Amino acid sequence: MVVGTSPDFPPFEYVTSNGSIVGIDIELIKHLAKMMGYDAIKIVSIDFDGPIPALTNGKIDVIAAGMTITEERKKVVAFTIPYWSADQAILVTKNSNFKPKSLSDLEGKIVTVQSGTTGESLVDDFINKTGAKITVKRHSSFVLAVKDLLNGRVDAVIVDSPVAKLFTQKYGVEVATIISTGKHYGLAVRKDDTQLLNAINEAFKKFLSSPEWKAIID
Ligand code: GLN
């Protein structure tokens, strides 16, 4: 089984100093694969605007990338049962006087997002709907987006709330506000791969109530 991930999304997937891809999603898919009888899985690193085409082209079999289940994506891929909830966070630097409380407060500012993410569509949809003058800088990685924020090149980052929380522990940034979107993460497979979807879901249901899952989260 070939698994595609986008390892700039701690604690779900990230790269350690020795170059290994680790994180909650990686542990999760390894456990599920074992339960499903696979001897080994291959993890492939892809920028977040890439895993859906890689999946539909047959280059990978599963996406494990903190991917939010959305109606739009459901037209192209099949999602497993949900395993994590996420809202969107507006991240700013710790010493900044700029503390936006809503998307409207980003008027006249530069925000950065990762291409292909729900954070990107949240701000794009807001701009299209309201005509707000917000400059959006798009990055291939959230880690680069946060570096831009720390270097003062942008005013804010829009990123999923669980990942924002981890960035606040690692870098000099803080969450200015949470925009409640009430979304969930799922693993994704090809739409016609019903057998694989059913097998993953069967293992997944068992795994979500197991002590191993709790240990991974801890
Ligand atoms: N959860 C977000 C999305 O699905 C971001 C995922 C990511 O960057 N890995 O768009």
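Worth a mention:
- Rg [Å, one decimal], Dmax [Å, integer] - the range 151-202, C-alpha atoms: 17.1, 49
- About its Cα centre, the dipole of the range 19-98 is roughly 80 debye, where the only charges are +1 on Lys and Arg Cβ and -1 on Asp and Glu Cβ.
- Leu208/Asn97 FRET efficiency (R0 35 Å; Cβ-Cβ; nearest 0.05): 0.25
- The chain: angle of helix 118-130 to the longest principal axis, Cα-based, in degrees nearest 10: 40
- Whole-number D in µm²/s for the chain (Stokes-Einstein; Kirkwood sum over Cα pairs; 10 °C, 1.306 mPa s): 89
- Taking the longest Cα principal axis of the chain as reference, the axis of helix 161-170 is set at about 70 degrees.
- Taking every alpha-carbon pair under 8 Å whose residues sit at least 6 apart, the chain reaches a relative contact order of 29 percent.
- Cα-based values for the range 2-102, radius of gyration first and Dmax second, are 15.8, 53 Å.
- Using the rule -39500 (n - 2.57) for each DSSP H run of four or more residues, divided by the residues of the chain, the 222 nm mean residue ellipticity is -10000 deg cm²/dmol.
- Shape parameters for the range 1-60, alpha-carbon atoms, Rg then Dmax in Å: 11.6, 32
- Computed on the Cα trace of the range 104-147, the radius of gyration divided by the Kirkwood hydrodynamic radius gives Rg/Rh = 0.96.
- DSSP beta bridges fully contained in the chain are about 65 percent antiparallel.
- Residues whose amide H lies under 5 Å from that of Ala176, counting only those 5 or more places away or on a different chain, are Ile90, Leu91, Val92; hydrogens are built 1.01 Å from N in the peptide plane.
FYI, it's all coordinate maths here, none of it is from the lab. Not measured: the values here are computed from a predicted model. All Cβ positions, glycine included, derive from the backbone under ideal geometry; neighbour counts span all protein chains shown.
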